[in-house]
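This report concerns only the one structure given below.
The values are calculated or read from the model by the stated rules, or taken from the named source; none is laboratory data. Here the structure is a predicted model, which means the values were calculated and not measured. FYI the Cβ positions are ideal-geometry reconstructions off the backbone, even for glycines, and counts take in every protein chain you see. Accessible surface areas use protein heavy atoms only, side chains included; no ligands, DNA or RNA. Shrake-Rupley method; radii C 1.70, N 1.55, O 1.52, S 1.80 Å.
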Amino acid sequence: MSSMSSFSVPSRRSFVALSALAGLGLPVLAGCDLPGVSKNKDGSASPSGSSATAGGSASAKGKAKAGSTDWQKLDAHIMGHNVTVEVSPVIRQDEKTSIIALRLTRAKDDASVDAINASSYSGISDKLNVSNYLGVPSISRPGTGASLVKLLDLDSGRVWSAINGSGGLLDLTPGENITSYLSFGKVDTDTATVLVPMAGFTTVSVLEADAAKKASIDLDAASSNLDQFPDAATELAKPATIERYTRALDDSTSTHTGDKDVTVTLASDVTFASDSADLTPAADTQLQTVADQLKQHPDGGTLTIVGHTDDVQDDAYNQTLSEKRANAVKTKLQQLTKLDKWKTSVSGKGESQPKIKDTTDEARAANRRVEITLTPTGGTTPKDSNTSATPSNSSGNGKLPDPQGPAAKGSEGVTLTSKDTNTSGEVTITLDHLTRTGGYLLGTVTCTVKDGSTGAPLHPLLEDPQTVLANQRDESGGALPTFNASDGLTLIAGGERIFPADYLDADAGQHLPLTELRLLDHLKASTTSICTIWPDPGGDTITLDHPEGKYSPKGTAYRLTDIPIKNS
């Protein structure tokens, strides 16, 4: 692109389209510096038309106290490239908007894009498009700057998503830096945990607008830069509740925990005899799990039990069967625990509300289910737990199932060969510890590609192997935002497989996991950081497991054991 003089400012949708092309493996022009940000080689980055710089003092401690004006520094490994990320305090610009600045500096000696990416389109410019990884994950998301950065209040279990970001496509050559501003809704805490994809976690203070200058943030320049990318996703202004999703290791149950209710889904093929409402012996284990959850909420609440069937028989038959199965579940629960403080309703929906609208054997098996929803009077955090709202599973006796691939201690790691049609490479995966904060565990998995690889794809080693056209919850339409996500990094505890914590995204309309969403490249060398947040099941150590699944390539299962949990 030879000249920017006639270049019109693109809308958010323009960047969405560009990033969608990148996500499909199609080239995106990386040589265009879009308006709104100027970049320098001398360590300064200033918004166009402004002399302000993001020169706040960066703290190396990684955690700022309330009221601090310090910036925090993270050493990022972004798809094999070394980038320093400096994170400013959050500034409450007004009653509706909060601003944060990210200053990204690519290392002077960073390897070229062509040396790392087997399918790069850098040409001779050697520009690293940081927005490919810190920005838009699909056509349903905001597409400017580093818009995947999240602000979190882990004590209350909330997450803020960026409404808008400046900088357009953030391109960096070695030694170059750039500043991107992000706007959020009102952040009503004194400090916030910041999740920067492929960089890590840090805590910054939340300040009022009059402290912006002391924190080296020019709010006028920030607003000017953000205004160059209109059509902000204002529906993301309110924080979303961080939710929890787990599955039993035998897939007999799954549990979804939000801020108001807990829904346990029982697989009818495990719970009942075929074409019957008679409970199987395996149902005892399933329903004891539900009974244990009910006991964690001694104040009671509302309990709803709904039976569902497949579409094989006629409507009337299926309706009757679903009602009988729901009543059988209630009867068994009454034997296992007291329900006197729970307002209980029982119903059947027959085949009218399928989970998956298909007629395959797998779809029909998923549709045969009983859903039990607890809405506790005092919220979903258990009264007897100081760490997590994830219920314990009484069937978990401490014995783990055999690993389906190589296993080693987390600090030692495992090495696997990841292949594509024409490329491959050895990848070593390690996780030396997790950090406990609030009711969550924060961790950074390290993926190191052996030098000389022809191009190792990372996502087959990290994604959920049970879903390909849906997210980890099997939600219809969830494929685009999570197609290249690391949502298959599960923890094993108490007989359950614990998936990365997620939230209902108001823009995408689906649950998105709090982990990486943009694992696009096939790498020939170097290291990439994979940041993930999980619900905390308690304990001093944990096991990470990436299992085989119906959609996983061979040789992608592994397990990391004896991972210590440190308190923040």
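Go through the stretch 295-334 and count every residue that is among the hydrophobic types (A, V, I, L, M, F, W, C) and out of contact with any helix residue (DSSP H, G or I) (no Cβ under 9 Å at 6 or more places or on another chain).
Going through the stretch 295-334 one residue at a time, the tally reaches 3.
Of the strands (runs of 3 or more DSSP E) contained entirely in the stretch 246-351, those carrying at least 3 residues that are in contact (Cβ under 8 Å) with a residue 60 or more places away in the chain and either open to solvent by less than 70 Å² (accessible area, probe 1.4 Å) or not polar (S, T, N, Q) (or both) fall at 253-257, 262-267, 301-308.
Based on what the data block shows, is Asp361 modelled with pLDDT under 95 and more than 32 Å from the chain's Cα centre (by Cα)?
no
The residue of the stretch 132-163 that is nearest to the chain's Cα centre (by Cα), among those that are at pLDDT below 90 and within 17 Å of Val194 (Cα to Cα), is Gly135.
Annotation: of all residues in the stretch 477-516 being without any contact (Cβ under 8 Å) to a residue 60 or more places away in the chain and of a type in the set (Ser, Thr, Tyr), the one that is farthest from Leu441 (Cα to Cα) is Ser486. The residue list Thr444, Thr532, Thr435 contains one member that is in contact with a Cys (Cβ under 7 Å, 6 or more places away or on another chain) and among the polar types (S, T, N, Q), which is Thr444. Using the structure shown, decide if Ser254 is at negative phi and within 20 Å of the chain's Cα centre (by Cα). When the stated conditions are applied, Ser254 passes them.
Residues are listed down the side, and each one gets a yes or a no for (1) assigned to a loop (DSSP other than H, G, I, E, B); (2) more than 30 Å from Asn82 (Cα to Cα); (3) out of contact with any helix residue (DSSP H, G or I) (no Cβ under 7 Å at 6 or more places or on another chain); (4) open to solvent by 10 Å² or more (accessible area, probe 1.4 Å):
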{"residue": "Asp188", "(1), (2), (3), (4)": "yes, yes, yes, yes"}
{"residue": "Val194", "(1), (2), (3), (4)": "no, no, yes, no"}
{"residue": "Met198", "(1), (2), (3), (4)": "yes, no, no, no"}
{"residue": "Phe201", "(1), (2), (3), (4)": "no, no, yes, yes"}
{"residue": "Asp210", "(1), (2), (3), (4)": "no, yes, yes, yes"}
{"residue": "Lys213", "(1), (2), (3), (4)": "yes, no, yes, yes"}
{"residue": "Ala222", "(1), (2), (3), (4)": "no, no, yes, no"}
{"residue": "Phe229", "(1), (2), (3), (4)": "yes, no, no, no"}
{"residue": "Glu235", "(1), (2), (3), (4)": "no, yes, yes, yes"}
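In the set (1) crowded, with 21+ Cβ neighbours inside 10 Å; (2) under 25 Å from Pro535 (Cα atoms); (3) among the hydroxyl-bearing types (Ser, Thr, Tyr), the condition left unmet by Thr179 is number (2).
Does the stretch 155-165 hold any residues that are in a loop (DSSP other than H, G, I, E, B), open to solvent by less than 10 Å² (accessible area, probe 1.4 Å) and farther than 13 Å from Leu134 by Cβ, and which are they? Across the stretch 155-165, the qualifying residue is only Gly157. Among the residues making up the stretch 450-473, a single one is of a type in the set (Val, Ile, Thr) and either assigned to a strand (DSSP E or B) or in contact with a Ser or Thr (Cβ under 7 Å, 6 or more places away or on another chain) (or both): Thr454. Has the stretch 517-529 got any residue that is closer than 19 Å to Ile242 by Cβ, part of a loop (DSSP other than H, G, I, E, B) and open to solvent by less than 20 Å² (accessible area, probe 1.4 Å)? Checked the stretch 517-529: at least one residue is closer than 19 Å to Ile242 by Cβ, part of a loop (DSSP other than H, G, I, E, B) and open to solvent by less than 20 Å² (accessible area, probe 1.4 Å). Is it the case, given these coordinates, that Gly538 is within 28 Å of Asp402 (Cβ to Cβ), at pLDDT below 95 and among the small types (Gly, Ala, Ser)? Here the answer is yes, as Gly538 does meet what is asked.
Every listed requirement among (1) open to solvent by 10 Å² or more (accessible area, probe 1.4 Å); (2) at pLDDT below 90; (3) under 22 Å from Ala485 (Cβ atoms) is met by Ser125 save one, (3). Taking the condition part of a strand (DSSP E or B), in contact (Cβ under 8 Å) with a residue 60 or more places away in the chain and of a type in the set (Asp, Glu), does Asp562 pass? In short, yes.
Residues are listed down the side, and each one gets a yes or a no for (1) in contact with a strand residue (DSSP E or B) (Cβ under 6 Å, 6 or more places away or on another chain); (2) at pLDDT 90 or above; (3) assigned to a strand (DSSP E or B):
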{"residue": "Val370", "(1), (2), (3)": "yes, yes, yes"}
{"residue": "Ala389", "(1), (2), (3)": "yes, no, no"}
{"residue": "Pro401", "(1), (2), (3)": "no, no, no"}
{"residue": "Gly405", "(1), (2), (3)": "yes, yes, no"}
{"residue": "Glu412", "(1), (2), (3)": "no, yes, no"}
{"residue": "Ser418", "(1), (2), (3)": "yes, yes, yes"}
{"residue": "Thr444", "(1), (2), (3)": "yes, yes, yes"}
{"residue": "Thr448", "(1), (2), (3)": "yes, yes, yes"}
